[in-house]
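Q: Before I ask anything, here is the structure I am working with.
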Amino acid sequence: LKLAIIGWGGVARSLASILADSVPAHHFEISGILRRSGAACGVVDPAAPVFGAPMPAAEFLEACHADILVELSALNPHSGEPAITHIRSAFERGMHVVTANKGPVAHAWRDLAAAARAGGVRFLHESAVMDGTPIFNLFRHNLPGVRLLGFTGVLNSTTTLVIEAMERGETFEEGVAQARALGVAEENHTFDTAGWDAAAKTAALANVLMDADVTPTSVDREGIQGFSAARIRQLSAEGKAVRLVCRAQTTPEGLRLSARPEILDRSDLLASSSGTSNLLLFHTDRMGTIGAVSISPTVEQTAYGVYIDLLDLVRYPAL
Ligand SMILES: NC(=O)c1ccc[n+]([C@@H]2O[C@H](COP(=O)([O-])OP(=O)(O)OC[C@H]3O[C@@H](n4cnc5c(N)ncnc54)[C@H](OP(=O)(O)O)[C@@H]3O)[C@@H](O)[C@H]2O)c1
């Protein structure tokens, strides 16, 4: 199967090395890479791609003759663009789409899922939340008939890293630099620290698993900028930890969504997520509360989630 990849950052490059090691039965060929700064079309050597001038995404998709668009461009949490347009453009060409970009899932999941169905293609996004830990696959494949009533999670690593840096006496900026060095910070770090990434994940989960049809602006959002380093250190000395917590709750008034910093006891399960680790609890009707944990994931796990989606397409192209 031929892949057209949009975005050539840490996730895309890590995916390329997973593909290079993959068994022949699942052979994928990269027939094009588009990044903001350039494009490579034809048979591309992922170890040393040669980029020419940038080109419009629609032109790139036309030129690549690929079966699958792998959308890995940078997150735009405010609109989900231009990734949404890239994805629609791929569907119009009869291509399946796999993405780790949560923007389209948070802003346009219902429309995109309908467009994929109408076109007889698939739209998969396992890595959009929790870096490849099977969340969407868990519900799709393992929990038929289970209704999700709500969820609680610590899903943004950058804010946890910044808070932990400040607990150690370092600055906010040093924490952001550590998140950058680990490859987990969004290109624009305020998307993380102002809570937009967490709001986008909350909206994405609610859209796919609770049929919510919301966007990140529907989420009651607050970032961590209101917490000074001195306050974080004081709270730490009192045995408390701050985490940016994502919540969804079904209430008689409707679905309530939030992504806000919370002051937690150190013994709270949510406070146990440290570094890049993430934790997500699902509150369900038939299965009570169950959850998923990822300990210190890196871009490799995100890339693996994309790879799993690609294998899912090989196994079930017509689901
Ligand atoms: N990193 C993680 O652990 C992680 C986890 C889960 C999900 N994700 C998501 O996965 C996606 C990729 O993440 P990443 O860490 O690989 O990102 P990254 O390292 O910041 O790279 C972003 C890539 O997107 C390209 N790009 C930006 N705008 C574009 C546009 N309009 N058209 C074409 N290409 C464009 C950039 O091009 P240039 O190279 O020319 O600048 C760059 O290659 C993001 O949506 C992110 O939210 C990442």
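The values are calculated or read from the model by the stated rules, or taken from the named source; none is laboratory data. Being a predicted model, the structure only gives us computed values, none of them experimental. Methodologically, a virtual Cβ is constructed for each residue, glycine included, from the backbone with ideal geometry; neighbour enumeration extends over all protein chains shown. The protein model used for the area step is the full one, side chains on, heavy atoms only, and it has no ligands, DNA or RNA in it. Shrake-Rupley method; radii C 1.70, N 1.55, O 1.52, S 1.80 Å.
Q: How large is the charge dipole for region 166-319, taken about the Cα centre, if only the Cβ atoms of Lys, Arg (+1) and Asp, Glu (-1) carry charge, to the nearest 20 debye?
A: That gives region 166-319 a dipole magnitude of about 320 debye.
Q: For the chain, what is the charge dipole size about the Cα centre, in debye to the nearest 20, if Lys and Arg each add +1 at the Cβ and Asp and Glu each add -1 at the Cβ?
A: 420 debye
Q: Pull up all non-local amide H partners of L264: gap of 5 or more, or a different chain, and H-to-H distance under 5 Å with H placed in the peptide plane.
A: A241, V242, R243
Q: How much of the pair distance distribution for region 198-313 lies past 21 Å, counting alpha-carbon pairs only, in percent?
A: 50 percent
Q: Using a cut-off of 9 Å between beta-carbons, work out the net charge of the residues near L124 (Lys and Arg +1, Asp and Glu -1, L124 not included).
A: Neighbour charge sum, excluding L124 itself: -2.
Q: Then there is this: Could you work out the local net charge near S236, counting Lys and Arg as +1, Asp and Glu as -1, over the other residues with Cβ closer than 13 Å to its Cβ?
A: +1
Q: Another question, then. Per residue of region 262-269, what does 6.51 cos²θ - 1.76 cosθ + 1.60 with θ = phi - 60° give for ³J(HN,Hα)? Whole Hz please, x for Gly and Pro, Karplus curve as stated.
A: Working through the residues one at a time gives 10, 8, 10, 5, 4, 7, 5, 3 Hz.
Q: Once all Cα-Cα distances of region 236-293 are split into 10 Å bins that start at 0, what whole-number percent is in each one?
A: 20, 46, 28, 6, 0
Q: Only Cα pairs under 8 Å and at least 6 apart count here; give the relative contact order of the chain as a rounded whole percent.
A: For the chain, the relative contact order is 19 percent.
Q: Just order 135-142, 53-60 by mean Cβ neighbour count inside 10 Å, highest at the front, would you?
A: Highest to lowest by the protection proxy: 135-142, 53-60.
Q: Step through the residues of region 56-69 one at a time and calculate ³J(HN,Hα) from phi using the Karplus curve (6.51 cos²θ - 1.76 cosθ + 1.60, θ = phi - 60°), rounding each to whole Hz and writing x for Gly and Pro.
A: x, 4, 4, 5, 4, 5, 5, 6, 7, 6, 8, 8, 9, 8
Q: In a GNM of the chain with a 10 Å cut-off on Cα contacts, which of N278, N188, N101 has the highest mean-square fluctuation?
A: Among N278, N188, N101, the largest mean-square fluctuation in the Gaussian network model of the chain belongs to N188.
Q: Hey, what angle do you get for helix 102-119 against the long axis of the chain, alpha-carbon based, 0 to 90 degrees rounded to 10?
A: Approximately 40 degrees, to the nearest ten.
Q: Just report the Cα centroid separation between region 148-186 and region 206-248, whole Å.
A: 11 Å
Q: Toward the positive end of the charge dipole of the chain, about the Cα centre and with charges on Cβ (Lys, Arg +1; Asp, Glu -1), which of V314, T251, S272 goes farthest?
A: Working it through, the farthest residue towards the positive pole turns out to be T251.
Q: Please give the helix 196-210 orientation as an angle from the longest Cα principal axis of the chain, in degrees from 0 to 90, rounded to the nearest 10.
A: Taking the Cα atoms of the chain, the angle to 196-210 is about 70 degrees.
Q: Using alpha carbons only, how many degrees (0 to 90, rounded to 10) separate the axis of helix 299-315 from the longest principal axis of the chain?
A: With both axes taken from Cα atoms, the answer is about 50 degrees.
Q: With the Cα gyration tensor of region 24-150 in hand, convert its eigenvalues to equivalent ellipsoid semi-axes via √(5λ) and list them largest first in whole Å.
A: Working through the eigenvalues yields semi-axes of 27, 16, 15 Å.
Q: Over region 134-256, give the accessible area per residue in Å² for a 1.4 Å probe, as an integer.
A: 42 Å²
Q: According to the square roots a ≥ b ≥ c of the eigenvalues of the Cα gyration tensor, what is the shape class of region 214-256, taking rounded for a/c under 1.5, prolate for a/b larger than b/c otherwise, and oblate for the remainder?
A: Prolate is the answer for region 214-256, as a/c is 1.5 or above and a/b outweighs b/c.
Q: Also, I was wondering about something else. Compute the relative contact order of region 191-312 as a whole-number percentage, counting only Cα pairs closer than 8 Å that sit 6 or more residues apart in sequence.
A: Reported relative contact order: 19 percent.
Q: For the ranges 293-301, 62-70, what's the packing order if you count other beta-carbon atoms within 10 Å of each residue, average per peptide, and put the highest first?
A: The most tightly packed comes first, giving 62-70, 293-301.
Q: While we're here: Normalised by the number of residues in region 25-165, what is the relative contact order in percent for Cα pairs under 8 Å and 6+ residues apart?
A: Computed value for region 25-165: 15 percent relative contact order.
Q: Sticking with this one: Binning at 20 Å from 0, report for the chain what percent of all alpha-carbon pair distances ends up in each bin.
A: Taking all Cα pairs of the chain, the binned fractions are 33, 56, 10 percent.
Q: Hey, another quick one. State to the nearest 20 debye the size of the charge dipole of region 104-253 about its Cα centre, where the only charges are +1 on K and R beta carbons and -1 on D and E beta carbons.
A: 440 debye
Q: Mind checking which of A90, V176, V162 is farthest towards the positive end of the chain's charge dipole, using Cβ charges of +1 (Lys, Arg) and -1 (Asp, Glu) about the Cα centre?
A: A90
Q: Once phi is turned into ³J(HN,Hα) by the Karplus curve 6.51 cos²θ - 1.76 cosθ + 1.60 with θ = phi - 60°, what whole-Hz value does each residue of region 230-239 show in order, with x for glycine and proline?
A: Along region 230-239, the couplings run 5, 5, 4, 5, 4, 4, 4, 5, 8, x Hz.
Q: Ignoring ligands, DNA and RNA, please state the percent of accessible area on the chain from carbon and sulfur, probe 1.4 Å.
A: So the carbon and sulfur contribution to the accessible surface is 52 percent.
Q: Can you spot the aspartates and glutamates whose alpha carbon is less than 12 Å from K2's alpha carbon? Ignore those fewer than 8 places along the same chain.
A: Excluding near neighbours in sequence, the set is E29, D67.
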